[in-house]
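Notes for the one structure printed next.
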Amino acid sequence: TLAELKAALVEAEGNTEITISARNGNTAYYNGTNWRGSLTSLDLAQSYMIQVNSDCEITLTGNSINPAEHPVTITPGYFWIGYPYNEVKTVSNVFSGFASNGDMIMSRNGNSALFNGTSWRGSLTNLEPGQGYIYYSNASENRDFTFPSNGN
């Protein structure tokens, strides 16, 4: 939960400035004050960015989900998307049958775009557990995306 994440970040030694950002809001903690901001919960379909003022390690535990049971509505333009698998999968396998020409997937380390409806080109070839991504949809309307149940 968001409350558990906040508590773990505050407990991490040395972190007096923390920001958790989502695509449509954030929450921040400064020098022992209460958390403030518009982010009030976490969503399985979203990814989040966390900024802390010093290195820290936190451990969070949760339950595994069946990605096929949690469809994601991808909006036109940029959409922050989580990655629900516990293993590395290729971009082409995960988004096969969904992506349109001009769609892109971006990480903090690279990106790829779909060309000719069949070929992902760029430096991002694999999606990794524990990472969040930004998906750019070239479509003009919302589209429902369901992660394959086995990632293939």
- Query: How far is helix 2-11 tilted off the main Cα axis of the chain, in degrees rounded to 10, range 0 to 90?
  - Reply: 50 degrees
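Rolling a 1.4 angstrom probe over the protein heavy atoms, how many square angstrom per residue are accessible across the range 3-114? Numbers along the way, then the final one.
Working: 6650 Å² over 112 residues.
Result: 59 Å² of accessible area for each residue.
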- On the accessible surface of the range 6-45, probed at 1.4 Å, how many percent belong to carbon and sulfur atoms? 43 percent
- Enumerate by residue number the GluC sites (Glu not before Pro) in the range 7-76 meeting two conditions: DSSP loop (anything except H, G, I, E, B), and at most 13 other Cβ atoms within 10 Å of the site's Cβ. GLU13, GLU57
- Message: At 10 °C and a viscosity of 1.306 mPa s, what translational diffusion coefficient does Stokes-Einstein give for the chain, taking Rh as the Kirkwood radius over Cα pairs? Give it in µm²/s as a whole number.
- Response: 95 µm²/s
- Message: Output needed: percent of Cα pairs per 10 Å distance bin for the range 1-67, bins running from 0 to the one holding the longest distance.
- Response: 19, 54, 24, 3
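Need the full-extension length gain, ASN138 to TYR78, defined as separation in residues times 0.36 nm minus the C-alpha distance. One decimal, nm. Write out the running numbers ahead of the final one.
Values: separation 60, 0.36 × 60 = 21.60 nm, distance 0.90 nm.
Residue separation times 0.36 nm, minus the Cα-Cα distance, leaves 20.7 nm.
The values are calculated or read from the model by the stated rules, or taken from the named source; none is laboratory data. These figures come from a predicted structure and were not determined experimentally. So basically every Cβ, Gly included, is an ideal-geometry build from the backbone, and we count neighbours across all protein chains shown. These area figures cover heavy atoms from the full protein model, side chains too; ligands, DNA and RNA do not enter into them. Shrake-Rupley method; radii C 1.70, N 1.55, O 1.52, S 1.80 Å.
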